[in-house]
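Trainee: Shown below is the structure under consideration.
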Amino acid sequence: ATGEATLVSYFPYNEEVVGLYSQSSGKPWEGPDVPVAAENVVLTYADGQLSLSWDAPTTGQHGAEVDPSALTYTITRYPEGTVVAENWASTTFTESYSPASLEAVYYTVVANNGELAGDAARSNYVALGDAVALPFAPDFTDEAANSLFTTIDGDMDGYTWSISARSGKALLSGAPFEMTSDWLVTPRLKLDAEHTCRLSFKTSCDWAGNYPYSVEAYVGQGT
């Protein structure tokens, strides 16, 4: 009745379902329609201001036309999940924001046709703040936090680090008999002279018995 769904499990081998469909009565949708998600949700930052813009939906999820001028929007800022605007009538939004530490900020926009709320559309990430406060213990399952990392294909072989939010790991593939120069750089970390810091990390390697790898860790200034 509501279309609400509950995740049972992920397919373990990325299987695909082909030809899945739902039956339709063929009758046109009557009455107000739930708007499709907003498109081209773009976030920018300049002079202490976060600016958000998007394209208003013109159709509904059931194919009916939607009047863009009649829509309102619910805008939420992440990572804290703060609703910053409700019943917003414009397709642009601006606010001042200065986080206490370095974080990846993004927004979601939900189009509302009266009481009918569409799906949330997510903006790009923008990194704000000076440095990440300690302790810093990323689990790689947060896509926003992962965007703060920098990857470098130092040997320019087309293979470098990638981060999988689903598996919660940073991954690197490549030829096992060749030296690689691929770097995964953390965001800036806020250190001070009053504390001694410990750097630790866990590693694993597929086929490690036949193809061992060596992993090095470095500490440096900046990024």
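The values are calculated or read from the model by the stated rules, or taken from the named source; none is laboratory data. Bear in mind the structure is a predicted one, so any value in this text is a computation, not a measurement. Please note: Cβ atoms are built from the backbone with ideal geometry, for glycine as well, and neighbour counts cover all protein chains shown. Only protein heavy atoms, including side chains, enter the accessible area calculation; ligands, DNA and RNA are left aside. Shrake-Rupley method; radii C 1.70, N 1.55, O 1.52, S 1.80 Å.
Trainee: Suppose the filter is open to solvent by 80 Å² or more (accessible area, probe 1.4 Å) and closer than 30 Å to N124 by Cα; does A5 pass it?
Mentor: Details: open to solvent by 80 Å² or more (accessible area, probe 1.4 Å): yes; closer than 30 Å to N124 by Cα: yes.
Yes.
Trainee: Another question, then. Show me the strands (runs of 3 or more DSSP E) entirely contained within the stretch 146-203 in which 1 or more residues are over 27 Å from Y13 (Cβ atoms). Talk me through it step by step, then tell me what you get.
Mentor: Values: elements: 150-153, 162-164, 169-171, 182-185.
Per the criteria, 150-153, 182-185.
Trainee: Also, quick follow-up: Do we find a residue being in contact with a helix residue (DSSP H, G or I) (Cβ under 7 Å, 6 or more places away or on another chain), closer than 28 Å to S204 by Cβ and in contact (Cβ under 8 Å) with a residue 60 or more places away in the chain anywhere in the stretch 96-117?
Mentor: No, the conditions are met nowhere in the stretch 96-117.
Trainee: Taking the residues in the stretch 50-91 that are among the β-branched types (V, I, T) and crowded, with 17+ Cβ neighbours inside 10 Å as candidates, determine which candidate is farthest from V105 (Cα to Cα). Before you say what the answer is, go through the steps one by one.
Mentor: Going residue by residue through the stretch 50-91, those that are among the β-branched types (V, I, T) are 58-59, 66, 72, 74-76, 82-84, 91.
Restricting the remaining residues to those that are crowded, with 17+ Cβ neighbours inside 10 Å gives 66, 74-76, 91.
On the way: V66: 30, T74: 17, I75: 13, T76: 11, T91: 19 Å.
Here the answer is V66.
Trainee: Among the residues of the stretch 33-45, what is the count of those that are more than 20 Å from A144 (Cα to Cα) and surrounded by fewer than 16 Cβ atoms within 10 Å (Cβ to Cβ)?
Mentor: Residues that pass the stated criteria total 0.
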